[in-house]
Each structure stands twice: as structure tokens, then as C-alpha cells.
Amino acid sequence: MNAPERLDPLVTKTCYLDGSDPEKKREEIRRYFHQTFSLYERLFDCLACDDAYYTKATPLRHPLIFYYGHTAVFFINKLHVAKLIPERLDPRIESMLAIGVDEMSWDDLDDAHYDWPTPAEVLDYRNKTRDIVDDLISSVPITLPIGWDDPLWIVMMGIEHERIHLETSSVLMRQLPLSLVKPSPLFKDCNDSGEAPTNVLLPVSGRRIEQGCSRRDTLYRWDNEYGYLETPVANFNASKYLTSNGEFLAFVEDDGYTTRDYWDDEGWGWLQHSKARHPSFWVMTETGYRYRTIASEIDMPWNWPVDVNALEAAAFCRWKSAKTGKNVRLPTEAEWFCLREEIPSDQPNWKSAPGNINLEHGASACPVDRFGTVTKRGEEFFDIIGNVWQWTQTPIDGLPGFEVHEVYDDFSTPTFDGQHNLIKGGSYFSTGNSALKDSRYAFRRHFFQHAGFRYIEGEEPIITTSNPYETDEQVSQYIEFHFGSDYHGVPNFAGTCGQLCLKYFAEKTTKKQSRRALDLGCAIGRTSFELAREFDHVDGIDFSARFVSAATQLKENDSKRYTIRDEGDLFSFKETSLTEHGLAATAHKCDFWQGDACNLSDKFNNYDLVFAGNLIDRLYEPEKFVTRIHELINEDGLLVITSPYTWLSEFTEPENWIGGYKRDGENFTTLDGLKELLSPHFDLVDEPRDVPFVIRETARKFQHSIAQMSVWHKRVK
């Protein structure tokens, strides 16, 4: 076939995915693909020699040869996963250049040796990839609007992924030794600089901020942009300008990088490791500071925004608070939106960018007082978007309704760990999806991007929370067991047990008021939450702190995200909530504690019902537990025990089993042992019943067991 047409690479606006002419839309996406592919390759013209491809700009990330090929490998891998191409191109290159994008912890250096391909080999691979993607765009069926199940959605995924790396690769070039880069006429620095303007705080009206996109949206969106979140925001004051190099200099000269009080533990740890004494892109010389752009070192532009990581930005805010007596901090994502809403346009629609963004005004920062926006209140703020990304104090999390795309299931979820903070507004190098109002990108707090910050003053400190995906496999397995799907027609065990406990309590006691209940071996807490429907207070106790933590998070946040293994190293991402199970309204009545059922604190007493779910055959001294349990239960109260009686020596020494063995030559069951040990204080209510349960291990492996439930009534003296 003819070589794909190389088009003007500076077309940077993302495509709408609707319209009335499918073939016209096909050609638009084709052009967008080639423009993106060419622009990315032109960026690597800034490397002065082959050594630049193999020199690590930072010890924590791969050299640029990885990123040169990674975006093409991404296209091939995702198209193959989506079954849009029958085979991959080059197993060696694809295995080497597929994984390793997100930098590691700042104290986890990667010194692994790689037999990297040559730039010529990578370019050959990129050319073949270009042909494959071009052929695919030209041949796949197309219907409008294009949704995330359509083939061209996967093509757009590859395009927008490359747009991300266009920016992040430019940051790495900025971190290379100056001898390894060279200026490019396509990526020019701003030539305007001067003294920094005096920053002031201006009022911003609070409001209710609505975030999130729906599947009906007609632009390509990453998974974390979908969903809906409404956030009330109080009035606050925000800095008129982004923090400039000149403003940040006062922090540096006031021993900001050596004063412990200005840094949290994470920041201080990074500072001790990095030995930083000024921003990363400031260059100390004999005559003072100079400034590093992508391929040049220039006189310090004091009126350009300072480039810092989130830890440095937060330290500056603490210093500013100490100097002014005001509560100065980074904004939240919602507070940033209060300003962003003052700009009515978004990237696909503007004729000219209303800020230093989208590569429309050059390939470097510019003065912080160039791009102003007058708000409805008449206040003028500068750089609401563009110039540099703006750090927020908000850890990224999925919006309610979040779900992953099956072709790229690890785009967002690895960042839902509380360690990645959102950056908003875009930089001069942000193009495509990155320049959109609703884009949500996040990086580790020690990460360097083309990023700075605007500070705000608010009356109250903002407490940020995160809801990361639970990756502890046992915890995730039990979340699924307690709150996930029913399997093979077997009802949810923990929910069923809670409902049966309530039924027996109503039928078998004379108590008019349901006061206190105890769930021993509560695990993730489903039975506790079920009991709270009727009981005034429920304590859940488990030996595992991990289980108790997950139950507490559910109580406090309503929802919990988790992964479950499908096969091998493949996982599904799930979310559960108390609301969907009808348990949210009474969850506040539950408290969760770590504890040993064989050695409980004296504070756990005076219960009207105790549930011991699948517990006794996992205790090291079950007889001690059973003979003392009456001390915790009020007269006319109930003890409910379930167990499959799977006694194992790894949990309980055989001499401590209370059943499941021969005694005097006859079978002695666990139920026999329970009757013997509980009879001084309890009567067995009815005949025990079987309660089946299924535990999912993988998509094709399940444990199907049957527990016996016995109900014991404590006699009234």
C-alpha cells in the first residue's frame, strides 16, 4: 500500500465522535491519528544523539527509548486484545516496551539492565504500526456516535494515550543533561519574561459543583471521567496568579527546604532522599539561578509559574500560612472547578485557546499575568487553564458510577491508592483529551510534570479521602463473599445468616427491645450490618485487622472497591455499597474491632444476641470460647453458631477439637460437643439447619460448602 500521508502535526484538538456522515468522521479520525503519530515523532527530534535515548532522565523511570516505542506498542497490544488485529508485530519489542510507565516510589531505584532496541528498530516498528492502524481505520465498520464498544474507540484510546506521552516525554527531556537535547523550531520557548507581579487573594463564590460525564458524551473520555459527583463548595479566596518563580523565591530564601515544620512526613522523606534545595528546573550557577526549558537553559523568568511537585507546593502553603496567619492550602478538585466554570468554552470549540495550552502559544511557560479571565463578580484571575498544571490536594478516585474499560482495565485503578493527587487545568503541552475541562489526570506527589500551583485561603481545612481498590486478595475474596454476586443459585451466606438471626430473635425470645448484638468473626461485616437493621448497637469483632479495616471503610464511605481474580494474573474490578444492599441507613449503629474470640476484652458484654459465624473450627482454643460465651449474653438472649466443622490442625491442635473424632469408640460430632459444653446455660432451639455457601476463588473455581446453624437460648434463672 502507499505510505500513510504525513499531515501537519500541530493540529491538537480532539475529535467529536458524533455527526451525520460516517465516512467524513472516519477521515477525521484518520487525520487525527496521523497528526498525533507525527507530532510525537517530531518531539524526539529534540534529542541530540542516540545516547539521549538511553540516558535516564531520572533514576525512577525508563530512558526515552522506552517511551519512543511504548505508544506504538500500546496501539498493537490494545488492538490485539480487542480482537481487531489477528497478531502482534514483534514479541521482543512488545514485551520490553509495554509496561513500566508509572514511576516508582522515590526511594525505590530501578537499576535493571535492559537490552533496548535501537532508535532505528523502534522507528521501523512505529512505521509498521502506522500502516496497521491506518488500514484498520480505513476498513472497520463505523456507526455514529462512536461509543466505547466500537473499534474506532480503541483507535481513539491509542491516540489519546499517545497525546499523554507527548507531554510526559517532554518532561523527561527537560530532565536530561543539556548536552543531550537540542532546540526544535516546532517547539519554541516563550521569549517574554520579567519581574514577578505581586500576588493577592481574591474572593471566589462557592457553589454546588457537578462533575462527571455520561456515556452519551460525544468526546473520547477516560474511564475516570465517567460517573456523577455533586460537591458543595464554600466561599473561599484564591490567588490571582499562579505562584511564580519570583514569589516562590521567598520560600527558598527563608530556608523553606530545610525547615521541618513546613513539610509533612512524606514530603520530608522525599526531601531527605532528593537533597533538593530549590525547584527541580532551577539551575544554580555562580551568578544566581537560571531556568531549564525542554531544550535550553535561559535567564530566570521570575514572572513565569514555578514548576514543583505536590510536596513542594504543600510546603510552600504551610510556610505561607505561618507568615500570614491565614489558612493557606492547595485547592480541591471541586474548588478548582469553581474557577474553571468562569471560562465557558472547551478545547474542541475555541477558535484560540484562552490560555497557554494546546501548544497554541509555544512550548514553554509564559508570564503568569498574560492570560486573564474576568469572573461574574468582576475579579480577574489569570491562568485558570494552561501555562502549567495546577496541583490539588485531592487524591484521585473514581466518580460514583465508575467502571473500567475491559481493553484498558489498568488506566486508572492503579492510581486509586491515595498516593496520586489530581492535577487540573493543563499545561502549555496539554493537547487532545488532556486539554479538556473534565479531564482527570493524577500523579504521585513527588512527580515532576509541567506543573505548578495556585493557592487558596479557606475557613476550614479540607479533609481528603480516597477509596482505593482493595488489592489484598483474601480481603477482596471476602468482600465478594459478603457483598458480591450469588453463585450457582446459593444465596449470600452472610446476608442470610443476619436475616435468620433476626427471625430467630423475634420468635424465640420475649425481649420487646433489640438492644445489643455481637458478630464474632465478622470479617467484612455483612452480618453486622444486617443485624443493625433491628438492633440498637452491633459490635463486629475479627482477628484480622485487614478485615476490620475493610468493614470500617464500608461503614464510613458506604462503598468499597476491590479486585477479584479471574484467571492467572487477570482480575475484574468491582464496587459494592451498603446503599445498594439497603444497609446504609443503619450502618452507623455498627462498630468494628480487632479482637481474639478466645480472649475478649471485658468491655464486650451485655449482648442480647451473639452470632459466631464459621468461627469455632478456626479457633486455637474453641472450648475456652464456648464455655465462656454465656458471660457475654444476657438472660433470654440468643447464641447463633454456624460452622462447616472443617477441623484442621493448622488452626486447631487435634486435642483441642470439640468434636469430629471418636470418643469411647463412638462418633463424637461437633454438635455433640456444643451440646455438652453449652448445656449448663443454654437450650438448643429447634433442630439445627443447613446453610450453604459458595466462595469464589476464580472465575471458574468455587468452594461450595454447607454450614450447620444451631441456635441456643440462654435460660432465665
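Details
- Subset of segment 506-552 [in a helix (DSSP H, G or I), within 30 Å of E403 (Cα to Cα) and at pLDDT 95 or above]: R526, T527, S528, F529, E530
- Filter pass, P680 being of a type outside the set (G, A, S) and either assigned to a helix (DSSP H, G or I) or surrounded by 13 or more Cβ atoms within 10 Å (Cβ to Cβ) (or both): no
Conditions (1) in a strand (DSSP E or B); (2) in contact (Cβ under 8 Å) with a residue 24 or more places away in the chain; (3) crowded, with 17+ Cβ neighbours inside 10 Å, marked per residue:
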site: K128; (1), (2), (3): no, yes, no
site: I137; (1), (2), (3): no, yes, yes
site: I142; (1), (2), (3): no, yes, no
site: I146; (1), (2), (3): no, yes, yes
site: E162; (1), (2), (3): no, yes, yes
site: L166; (1), (2), (3): no, yes, yes
site: R174; (1), (2), (3): no, yes, yes
site: T198; (1), (2), (3): no, no, no
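- Hits in segment 328-350 - residues which are crowded, with 16+ Cβ neighbours inside 10 Å and more than 17 Å from F382 (Cα to Cα): V328, R329, T332, E333, A334, Q347, W350
- Filter result for P151 (at pLDDT 95 or above and within 32 Å of the chain's Cα centre (by Cα)): yes
- Boolean, D261 is within 24 Å of A322 (Cα to Cα), in contact (Cβ under 8 Å) with a residue 12 or more places away in the chain, of a type in the set (D, E, K, R) and buried (at least 21 other Cβ atoms within 10 Å of the Cβ): no
- Among residues of segment 618-659 being surrounded by fewer than 18 Cβ atoms within 10 Å (Cβ to Cβ) and free of Cβ contacts under 8 Å to residues at least 24 places away in the same chain, the one that is nearest to the chain's Cα centre (by Cα) is E650.
- Qualifying residue in segment 649-657 (condition: in a loop (DSSP other than H, G, I, E, B), closer than 19 Å to G613 by Cβ and touching a helix residue (DSSP H, G or I) at 6+ places or on another chain (Cβ under 7 Å)): yes
- Every residue from segment 280-296 that is surrounded by 13 or more Cβ atoms within 10 Å (Cβ to Cβ), over 27 Å from the mean Cα position of the chain (by Cα) and not aromatic (F, W, Y): V283, R290, R292, T293, I294, A295, S296
- Residue pairs meeting the criteria (Cβ under 9 Å; at least 6 apart or on separate chains; first in a loop (DSSP other than H, G, I, E, B), in segment 408-430; second modelled with pLDDT under 90 and aliphatic (A, V, I, L, M)): D409/L570; D410/V404; F411/V404; S412/V404
- For segment 176-190, taking the residues that are in contact with a Gly (Cβ under 9 Å, 6 or more places away or on another chain) and in a loop (DSSP other than H, G, I, E, B), the one that is surrounded by the fewest Cβ atoms within 10 Å (Cβ to Cβ) is identified as K188.
- Top-ranked residue of segment 524-538 - restricted to ones that are surrounded by fewer than 21 Cβ atoms within 10 Å (Cβ to Cβ) and touching a residue at least 40 places away in the same chain (Cβ under 8 Å), ranked as farthest from F625 (Cα to Cα): R533
- Segment 248-284 - residue that is within 27 Å of S296 (Cβ to Cβ) and part of a helix (DSSP H, G or I) and, of those, modelled with the lowest pLDDT: S274
Okay, residues lined up against (1) among the β-branched types (V, I, T); (2) farther than 20 Å from Q449 by Cα; (3) touching a His at 6+ places or on another chain (Cβ under 8 Å):
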| position | (1), (2), (3) |
| --- | --- |
| D255 | no, yes, no |
| D264 | no, yes, no |
| A276 | no, no, no |
| V283 | yes, no, no |
| G288 | no, yes, no |
| T293 | yes, no, no |
| I298 | yes, no, no |
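- Selection of segment 658-717 for residues being within 24 Å of Y487 (Cβ to Cβ), touching a Phe, Trp or Tyr at 6+ places or on another chain (Cβ under 9 Å) and β-branched (V, I, T) yields V691, V694, I695, I706.
- Any chance A322 is buried (at least 19 other Cβ atoms within 10 Å of the Cβ) and on the phi < 0 side of the Ramachandran plot: no
- Per-region count, segment 311-335, residues assigned to a helix (DSSP H, G or I) and either under 30 Å from L186 (Cα atoms) or in contact with a Ser or Thr (Cβ under 6 Å, 6 or more places away or on another chain) (or both): 2
Residue-by-condition table, conditions (1) of a type outside the set (A, V, I, L, M); (2) in contact with a Pro (Cβ under 7 Å, 6 or more places away or on another chain); (3) touching a residue at least 24 places away in the same chain (Cβ under 8 Å); (4) at positive phi:
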site	(1), (2), (3), (4)
T332	yes, no, yes, no
N349	yes, no, no, no
E360	yes, no, yes, no
A363	no, no, yes, no
D369	yes, yes, yes, no
G378	yes, no, no, yes
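- For segment 395-443, taking the residues that are of a type in the set (D, E, K, R) and buried (at least 21 other Cβ atoms within 10 Å of the Cβ), the one that is modelled with the lowest pLDDT is identified as D397.
- Counting only strands (runs of 3 or more DSSP E) wholly contained in segment 553-612, the ones carrying 2 or more residues that are loosely packed, with under 14 Cβ neighbours inside 10 Å and in the same structural domain as L639 (by TED's automatic domain parsing) occupy 559-567.
- Residue check for T670: over 21 Å from T527 (Cα atoms), over 46 Å from the mean Cα position of the chain (by Cα) and modelled with pLDDT of 95 or more: no
- Segment 148-160: number of residues that are more than 15 Å from S439 (Cβ to Cβ) and assigned to a helix (DSSP H, G or I): 6
- Among (1) of a type outside the set (G, A, S); (2) in a strand (DSSP E or B); (3) at positive phi, the one test that Y645 misses: (2)
- Failed item, numbered, when L531 is tested on (1) in contact with a helix residue (DSSP H, G or I) (Cβ under 9 Å, 6 or more places away or on another chain); (2) under 18 Å from Q477 (Cβ atoms): (2)
- So A238, is it among the aliphatic types (A, V, I, L, M), surrounded by fewer than 16 Cβ atoms within 10 Å (Cβ to Cβ) and in contact (Cβ under 8 Å) with a residue 60 or more places away in the chain: no
The values are calculated or read from the model by the stated rules, or taken from the named source; none is laboratory data. Values in this document were obtained by computation on a predicted structure and should not be read as measured data. Here the Cβ is made from the backbone with ideal geometry for all residues, glycine too, and neighbour counts use every protein chain on show.
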